[in-house]
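The values are calculated or read from the model by the stated rules, or taken from the named source; none is laboratory data. As the structure is a computational prediction, the values presented were derived from the model and not from experiment. No Cβ is skipped: glycine too gets one built from the backbone with ideal geometry, and neighbour counts run over all protein chains shown. Each accessible area value is taken on the protein alone, full model and side chains, heavy atoms only, with ligands, DNA and RNA left out. Shrake-Rupley method; radii C 1.70, N 1.55, O 1.52, S 1.80 Å.
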Amino acid sequence: MKYKESDGIVIGLEVHVQLNKLNSKLFCGCSPRYHDAEPNTHTCPVCLGLPGALPVLNEDAIVNIIKVALALNCKIEKQTLFYRKNYYYPDLPKGFQISQYDYPIAIGGKIKVNGMGGERHIRIKRVHMEEDPARLVHKGPIESSRYSLIDYNRSGMALIEVVTEPDLRSPKEAREFLNALRNILEYLDVFDDSLDGALRVDANISLAGGARIEVKNISSYKGVEKALLFEIVRQKNLARRGIKITQETRHYDEKRGVTTSLRTKEEEHDYRYFPEPDLVPLGVCNRIDEIRGSLPELPDIRRQRFVQQYEISDYHAKVITSELRLADFFETVASEVDNPLLSATWIADVLKGELNYRGLDITAFPPKHMIQILQMLRSKKITEKSAVQIIRTILDEGGAPPEIVKRKGLLKIEENIIASAVAEVIKENPAAVQDFRNGKNEALHFLMGQVMKKTHGRADPNIVNKLLREKLQCT
Amino acid sequence: MITKRDVEHIGWLARIKLTEEEKSKFAKRFNSILDYFEILDEVDPDVPPAYNISGLMNVFRADVVRDSMSQDDALGNAPKKEGEFFKGPRVV
Ligand SMILES: [Zn+2]
């Protein structure tokens, strides 16, 4: 245990999310699908900041951010403005970033998170829109690189910033928050988190009695938890040595898993925010009802529906709805197999586990295969053990259930074959038989194991049990 | 009142190195700009701030892709480049 409640951990997050499902960037018509492209092939005068170029706002980017804000229970502001955030950095070709300051799109929302001590609401301070800076490629580590190489393909992509209140109390809670946020964005279909750089986080963390430390440049879900854990240990060690923690900005080095101090960085007032004169104000009130009406079923609502409609456990519903595609997978399977409980158990407990173990997601497993497996299981054609084996085979070697059953001889064996195996086992193990008759129940387990061994695990354990008891009692 | 220290800081923000002479010169000039702005203080402040003078609201473009520049054209204006990249100063 690296931290405890009495450490007085206070964490706030600034989460940057790319609207990477849009067709074009935020202020120009360049395509945001640059991930497999050569550097500097998705640019134009606007996103390169060439003189005279003017930004024009992408309407769908605004529709998308309103969706996000509504899904996070935020209040949409009547009037919203873009600002210039001025700082001189090679990743900003104009010398400023078009962002928001006063009058963001939305304020005051909340997200439900499974935190320390049960369900908690994490308050959202604001949601605003900005343009993504370019991608910098460093020669060597950031502290010692002599120059940077710049790829402007990312420059000008629509980026949402979600800022929380300092409500998070542990690194694990921070990760839970990100999972919940990611899940909502996925349901809204505005964000593909499989793309590199889709989500980046700056985290503020303080421990009781210490100053607030900002950790920048965390670019993965796991990275957030790791960076925060590192900070907690670092700050506690300093405190133990009597060193006072002063406010500073640190950089997270994902490869080394450490944070390092960044030398002087601009303060808030150094950004000299002022309204972007090339963009006109936005008033989106009249669009809110229409957009709210277009919102899909969100994770929390879907979880409640699953519990009610399919009568599956809240735990299973939570696991299944924690990923949009997994939830869709479940509904496809449940509609065919006609046993939601069985479907939920096999998807949430077995399949999900096997996928996690292999670092795969649900797209690696076609729903029709799950349907076939569960149908064979229901009609008692295969054992549970064989079902697991089929799932593993599909994931490791490919193939379809009927063919795998044939190839690996997994069809459950007939009762008469089990009966002869039972007879053999009884004959071969007189001592165990005697033990059972003397009231030793473990002997029955041993005999069952012997039968299963003889039948290579393809016998239905219930039938083995039944036949063994019958035989042992009447001979 | 803008001091030489302020000029130094502003120079740092713009990543511009200034000589002692320039610092004094710019301090003087910044102060005269600020003096000029004081004229605005004479205006009745009882008007709402104008964030944009066009009077327009909600100017959008449809989310449609347009052709980007070629890599050669994009890099053509770069003062410094390396391979397919622009080359810039190291970052803090
Ligand atoms: Zn562009």
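Values for this structure:
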read-out	value
Long-range HN-HN contacts of A:Leu57 with modeled amide H, under 5 Å	B:Arg61
Charge-dipole axis of chain A as Lys and Arg at +1 and Asp and Glu at -1 on Cβ define it, positive-most pick from A:Phe446, A:Ser343, A:Gly197	A:Phe446
Label-point separation, A:Arg287 to A:His445 (7 Å along Cα→Cβ), nm	6.5 nm
Kyte-Doolittle at least 0.5, axis length at least 15 Å by Cα - qualifying DSSP helices, chain A	A:59-71, A:324-337, A:415-428
Heavy-atom accessible area per residue - chain A, 1.4 Å, Å²	46 Å²
Summed residue charge, Cβ within 11 Å of A:Arg126's Cβ, Lys/Arg positive, Asp/Glu negative	-2
Other-chain or far-sequence residues with amide H under 5 Å of A:Thr43's (modelled H)	B:Met69
Chains B and A, summed buried accessible surface - 1.4 Å probe, Å², nearest 100	4200 Å²
Residues with amide H under 5 Å from that of A:Gly29, placed H, sequence gap 5 or more	B:Arg66
DSSP bridge pairs, the protein assembly as shown: antiparallel proportion in percent, nearest 5	90 percent
HN-Hα J in Hz across the stretch A:150-163 - Karplus 6.51, -1.76, 1.60, θ = phi - 60°, x for Gly and Pro	10, 10, 7, 4, 7, 4, x, 5, 5, 10, 9, 10, 10, 10
B:His9 accessible area, assembled protein chains, probe 1.4 Å, Å²	80 Å²
Calculated FRET efficiency for the pair A:Gln247/B:Ser24, C-beta based, R₀ 30 Å, to 0.05	0.35
Listed residues A:Ser24, B:Ser54 arranged by accessible area, highest first, probe 1.4 Å	B:Ser54, A:Ser24
Under Karplus coefficients 6.51, -1.76 and 1.60, residue-wise ³J(HN,Hα) of the stretch A:25-42 in Hz, glycine/proline x	6, 5, 10, 8, x, 5, 6, x, 8, 10, 4, 9, 8, 5, x, 6, 10, 10
Solvent-accessible area lost in complex, 40 Å² minimum, residues of the stretch A:144-188 relative to chain alone, 1.4 Å	A:Tyr147, A:Leu149, A:Ile150
Mean separation of Cα contacts under 8 Å (6+ apart) over length of the stretch A:254-330, as relative contact order %	17 percent
Cα→Cβ-extended label distance, 7 Å offset, between A:Val233 and B:Arg15, nm	3.5 nm
10 Å-binned pair-distance histogram of the stretch A:113-240 (Cα, whole percent)	11, 36, 34, 17, 2
At R0 = 41 Å, FRET efficiency that the Cβ-Cβ distance of A:Phe274 and A:Glu297 yields, to 0.05	0.50
Net charge contributed by nearby residues that have their C-beta within less than 14 Å of A:Asn23 (K/R +1, D/E -1)	-1
Efficiency of FRET from Cβ geometry, A:Asn73 and A:Glu397, R₀ 45 Å, rounded to 0.05	0.45
Percent RCO, i.e. relative contact order, over chain A, from Cα pairs under 8 Å lying at least 6 residues apart	14 percent
Order of exposure, largest accessible area first, which applies to A:Thr259, A:Thr363 with probe 1.4 Å	A:Thr363, A:Thr259
Summed side-chain charge close to A:Asn441 - residues other than A:Asn441 whose Cβ falls under 12 Å, Lys, Arg +1, Asp, Glu -1	+1
A:Lys381 - accessible surface, heavy atoms, 1.4 Å probe, Å² rounded to 10	110 Å²
Within the protein assembly as shown, helix-based [θ] at 222 nm, where runs of 4 or more DSSP H residues each add -39,500 (n - 2.57), nearest 500	-12000 deg cm²/dmol
Sequence-distant lysines (8 or more away, or on other chains) whose Cα lies within less than 21 Å of A:Lys85	A:Lys25, A:Lys94, A:Lys125, A:Lys216, A:Lys265
Relative contact order, percent, chain B [alpha-carbon distance under 8 Å, six or more residues apart]	17 percent
Whole-Hz couplings from phi, Karplus 6.51/-1.76/1.60, listed for the stretch B:53-63; x for Gly and Pro	8, 6, x, 7, 9, 6, 9, 10, 10, 6, 7
Backbone N within the stretch B:26-49 under 16 Å of label point (7 Å from B:Asp6 Cα along the Cβ vector)	B:26-41
Surface accessible to a 1.4 Å probe, B:Leu40 within the full protein complex, Å²	110 Å²
Label zone at B:Val59 (point 7 Å along Cα-to-Cβ), backbone N below 16 Å, the stretch A:21-54	A:27-29, A:46, A:52-54
Fraction in percent of alpha-carbon pairs per bin - 10 Å, chain A	4, 16, 21, 21, 15, 10, 7, 4, 2, 0
Selected from B:Ile16, B:Gly55, B:Phe86, residue furthest toward positive end of dipole (the protein assembly as shown; charges at beta carbon)	B:Phe86
Radius, Kirkwood style, for the stretch A:329-389 when every pair of distinct Cα atoms is counted (Å)	11.6 Å
Convex hull of the stretch A:188-309 built on C-alpha atoms - directionally averaged projected area, nm²	13.4 nm²
Estimated dipole of chain A in Debye, rounded to 20 [Cβ of Lys and Arg +1, of Asp and Glu -1, Cα centre]	1520 debye
Accessible carbon and sulfur surface of the stretch A:299-408 relative to its total accessible area, %, 1.4 Å	50 percent
Distance between the stretch A:350-396 and the stretch A:7-83 - C-alpha centres, whole angstrom	40 Å
